[in-house]
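Colleague: One structure, as structure tokens, below. Some questions next.
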Amino acid sequence: MAYSDDTESDIIVPKKWYEKLPREAWSKYDKIDQPDNWFEVYRLTDSVYAIYEDGHFEEVISYLVLGDEKAALIDTANGIGDIKALAEKLTDLPILVVNTHTHLDHIGGNHQFDKIATPDTPYSREQAAKGRTKASTGNYLDGDMVWKPFPDGFDKETWSVKPFKVTRWLKDGDKIDLGGRILEVIFTPGHSPDSICLLDRENKLFWTGDSFYPAPIYVYKPTTNLDQFIESFAKMTELMPYYDWVMPSHNEPRIEKHLIKECYEAAKSIKADTAGEYTEGVADGIPVHRYDYGRFSLIVRAER
Ligand SMILES: [Zn+2]
């Protein structure tokens with residue numbers, strides 16, 4: 001999703017959200033026995049692990065994708081748990097971090113790594129250079145946002161998202177070669193100016209970052225853009241013949257691809273004002289409308 005700037009609004013963080021856990025979707029996969037209590041790790045395929053941060057409201061999923069020569073760690077969560085130590089337990093391959101965008105819940109552990117590939121946009125360059133102070137994240141680690149005990153030695157008062165050094169700036173259409181496995185970079189701005197998807201044509205997998213996940217999708221913040229979001233979904237829909245499964249960055253791994261088309265149609269009808277009923281609310285001080293579609297919702301600015 002993104003980051004909470006100030007307010008905790010019911011439209012974003014439902015009370016006792018964690019009572020929904022564990023989500024049934026995870027029961028299909030083998031849970032890996034490992035000593036880190038903050039993250040849960042699941043084996044999705046022979047060569048893809050999901051690293052799930054279920055203790056925090058964002059329920060971030062990072063993915064470790066193995067090639068023959070390298071592993072890609074797709075996003076690094078919130079910087080609460082030691083994701084580098086965990087990833088290095090799962091593979092001996094050299095690890096390249098690949099960011100789906102630079103919202104804080106995807107770059108928190110970046111500073112631990114020395115090989116980082118990030119979308120090349122002015123927005124990402126700014127986020128990489130400045131990180132995030134704790135003060136700028138409001139109640140992000142407080143109250144109902146977190147239900148699990150923090151990891152040993154973690155101090156939420158001194159937590160911040162540290163700046164990080166990007167070693168490869170990604171362009172639209174770039175190919176990330178892991179040895180016998182290619183991740184193709186597809187720029188899909190809208191949720192953020194630097195959102196990308198990653199397509200693995202050979203294995204027919206499609207990582208969507210926060211452009212799509214099965215929960216409320218934020219398209220209301222000042223840096224979001226509904227028109228771009230729709231254009232990006234046109235691209236994502238066109239690519240559907242080349243993937244079987246969608247790998248989102250929150251809540252559930254490996255979900256059904258027809259939802260991409262549904263989200264595209266939903267966003268277009270919101271734009272055209274033909275989408276029907278919505279719930280009104282305020283998120284981060286911005287009046288918003290939430291449109292619900294069962295497996296996902298779209299939260300957009302009331303004024304658009
Ligand atoms: Zn996110």
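Colleague: Give me the residue from the stretch 57-69 that is within 16 Å of the ligand (Cβ to nearest atom) and in a strand (DSSP E or B) and, out of that set, farthest from Thr137 (Cα to Cα).
Modeller: Per the stated criteria, the residue is Tyr63.
Colleague: Taking the options Gly153, Gly180, name whichever one is without any contact (Cβ under 8 Å) to a residue 60 or more places away in the chain, outside any helix (DSSP H, G or I) and not charged (D, E, K, R).
Modeller: That would be Gly153, the only listed residue that is without any contact (Cβ under 8 Å) to a residue 60 or more places away in the chain, outside any helix (DSSP H, G or I) and not charged (D, E, K, R).
Colleague: Please indicate, with yes or no, whether at least one residue in the stretch 230-239 is in a loop (DSSP other than H, G, I, E, B) and closer than 17 Å to Leu198 by Cα.
Modeller: Pass one, the stretch 230-239, residues in a loop (DSSP other than H, G, I, E, B): 239.
Those still in the list that are closer than 17 Å to Leu198 by Cα too: 239.
Looking through the stretch 230-239, at least one residue is in a loop (DSSP other than H, G, I, E, B) and closer than 17 Å to Leu198 by Cα.
Colleague: A further question on this structure: Give the residues of the stretch 271-285 that are buried (at least 18 other Cβ atoms within 10 Å of the Cβ) and modelled with pLDDT under 95, sorted by residue number.
Modeller: Ala283, Asp284
Colleague: Keeping to the stretch 18-37, report how many residues are part of a helix (DSSP H, G or I) and among the polar types (S, T, N, Q).
Modeller: 1
Colleague: Output the residue which, of all residues in the stretch 208-226 that are more than 22 Å from Glu265 (Cβ to Cβ) and away from the ligand (no atom under 12 Å from the Cβ), is surrounded by the most Cβ atoms within 10 Å (Cβ to Cβ). Before the answer, list the steps.
Modeller: Of all residues in the stretch 208-226, those more than 22 Å from Glu265 (Cβ to Cβ) come to 221-223.
Subset that is away from the ligand (no atom under 12 Å from the Cβ): 222-223.
Details: Pro222: 9, Thr223: 12.
Among residues in the stretch 208-226 that are more than 22 Å from Glu265 (Cβ to Cβ) and away from the ligand (no atom under 12 Å from the Cβ), the one surrounded by the most Cβ atoms within 10 Å (Cβ to Cβ) is Thr223.
Colleague: Any idea which residue in the stretch 54-101 is surrounded by the fewest Cβ atoms within 10 Å (Cβ to Cβ), counting only those that are among the small types (Gly, Ala, Ser) and more than 24 Å from Trp159 (Cα to Cα)?
Modeller: Only one residue fits best here, namely Gly67.
Colleague: If Ala72 passes every condition in (1) in contact (Cβ under 8 Å) with a residue 60 or more places away in the chain; (2) more than 16 Å from the ligand (Cβ to nearest atom); (3) touching a helix residue (DSSP H, G or I) at 6+ places or on another chain (Cβ under 6 Å) but one, which one does it miss?
Modeller: It fails just one condition, (3).
Colleague: Please specify each residue of the stretch 82-136 satisfying the condition of being away from the ligand (no atom under 16 Å from the Cβ), of a type in the set (A, V, I, L, M) and part of a helix (DSSP H, G or I).
Modeller: Hits for the stretch 82-136 are Ala85, Leu86, Ala87, Leu90, Ala128, Ala129, Ala135.
Colleague: In the list Lys261, Lys271, Lys235, Lys257, which residue meets the criterion of being farther than 30 Å from Val48 by Cα and more than 16 Å from the ligand (Cβ to nearest atom)?
Modeller: Lys271
Colleague: Can you tell me how many residues in the stretch 41-53 are within 14 Å of the ligand (Cβ to nearest atom) and more than 21 Å from Cys197 (Cβ to Cβ)?
Modeller: So the answer is 0.
Colleague: Of the conditions (1) part of a strand (DSSP E or B); (2) touching a residue at least 60 places away in the same chain (Cβ under 8 Å); (3) surrounded by fewer than 23 Cβ atoms within 10 Å (Cβ to Cβ), Leu198 clears all except one; give me its number.
Modeller: For Leu198, the exception is condition (3).
The values are calculated or read from the model by the stated rules, or taken from the named source; none is laboratory data. If you're wondering where the values come from, they're calculated on a predicted model, not measured in any experiment. Methodologically, a virtual Cβ is constructed for each residue, glycine included, from the backbone with ideal geometry; neighbour enumeration extends over all protein chains shown.
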